[in-house]
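S.K.: For reference, the structure I am asking about is given below.
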Amino acid sequence: PVPVNLNADLQGKTFIFTGELQKFIRREAAQEVSQRGGKVVSSLSRKTDYLVAGDRPGSKFGEAQKLGITILTEDQFEELLHG
């Protein structure tokens, strides 16, 4: 069964994760996104909507800054998921 209170704001949005997540297992975070209509990708591009940065983010962080992609902390990501 699909949970009832899904935040439709992620519909069509693309996410990428970098660094060590403290609050989420990466697979679970990706599942949270896909359940809400979003997509998780492994390669950063101009089409990426959000980069979620954990501890010690990799080169994707700097690349996202250059591309002007919205960068979220884990707390901000959690807020986005739960409204």
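S.K.: Using the structure shown, decide if Phe15 is in a helix (DSSP H, G or I) and among the aromatic types (Phe, Trp, Tyr).
M.R.: No.
S.K.: Among the residues of segment 61-70, is any over 14 Å from the mean Cα position of the chain (by Cα), of a type in the set (D, E, K, R) and open to solvent by 90 Å² or more (accessible area, probe 1.4 Å)? Don't jump to the end; show me each part of the working.
M.R.: First pass over segment 61-70, keeping only residues over 14 Å from the mean Cα position of the chain (by Cα): 62-63, 65-68.
Filter once more, so that each one left must be of a type in the set (D, E, K, R): 63, 66.
Pick out the ones that are also open to solvent by 90 Å² or more (accessible area, probe 1.4 Å) and you get 66.
The answer is yes, given that some residue of segment 61-70 is over 14 Å from the mean Cα position of the chain (by Cα), of a type in the set (D, E, K, R) and open to solvent by 90 Å² or more (accessible area, probe 1.4 Å).
S.K.: Mind checking which residues of segment 23-63 are hydroxyl-bearing (Ser, Thr, Tyr) and over 13 Å from Glu74 (Cα atoms)?
M.R.: Those that are hydroxyl-bearing (Ser, Thr, Tyr) and over 13 Å from Glu74 (Cα atoms): Ser34, Ser42, Ser43, Ser45, Thr48, Ser59.
S.K.: Additional query: Kindly check whether there is at least one residue in segment 25-32 that is part of a loop (DSSP other than H, G, I, E, B), open to solvent by less than 30 Å² (accessible area, probe 1.4 Å) and either within 21 Å of Leu81 (Cα to Cα) or of a type outside the set (Ser, Thr, Tyr) (or both). Give the derivation first.
M.R.: So the first thing to find is which residues in segment 25-32 are part of a loop (DSSP other than H, G, I, E, B), and the list is 25.
Retained after the next criterion (residues that are open to solvent by less than 30 Å² (accessible area, probe 1.4 Å)): none.
Checked against the condition, which is being part of a loop (DSSP other than H, G, I, E, B), open to solvent by less than 30 Å² (accessible area, probe 1.4 Å) and either within 21 Å of Leu81 (Cα to Cα) or of a type outside the set (Ser, Thr, Tyr) (or both), segment 25-32 yields no hits at all.
S.K.: Checking the conditions here, which among Gly58, Gly12, Gly68 is modelled with pLDDT under 95 and either at positive phi or hydroxyl-bearing (Ser, Thr, Tyr) (or both)?
M.R.: Gly12
S.K.: Restricting to segment 35-55, name every residue that is in a helix (DSSP H, G or I) and surrounded by 19 or more Cβ atoms within 10 Å (Cβ to Cβ).
M.R.: Passing the criteria: none in range.
S.K.: Answer yes or no as to whether Gly58 is in contact with a Ser or Thr (Cβ under 8 Å, 6 or more places away or on another chain), open to solvent by 30 Å² or more (accessible area, probe 1.4 Å) and small (Gly, Ala, Ser).
M.R.: When the stated conditions are applied, Gly58 passes them.
The values are calculated or read from the model by the stated rules, or taken from the named source; none is laboratory data. Note that the structure is a prediction, hence the values are computed from the model and not measured. Methodologically, a virtual Cβ is constructed for each residue, glycine included, from the backbone with ideal geometry; neighbour enumeration extends over all protein chains shown. When the accessible area is computed, the model is the full protein with side chains, heavy atoms only, and any ligands, DNA or RNA have been set aside. Shrake-Rupley method; radii C 1.70, N 1.55, O 1.52, S 1.80 Å.
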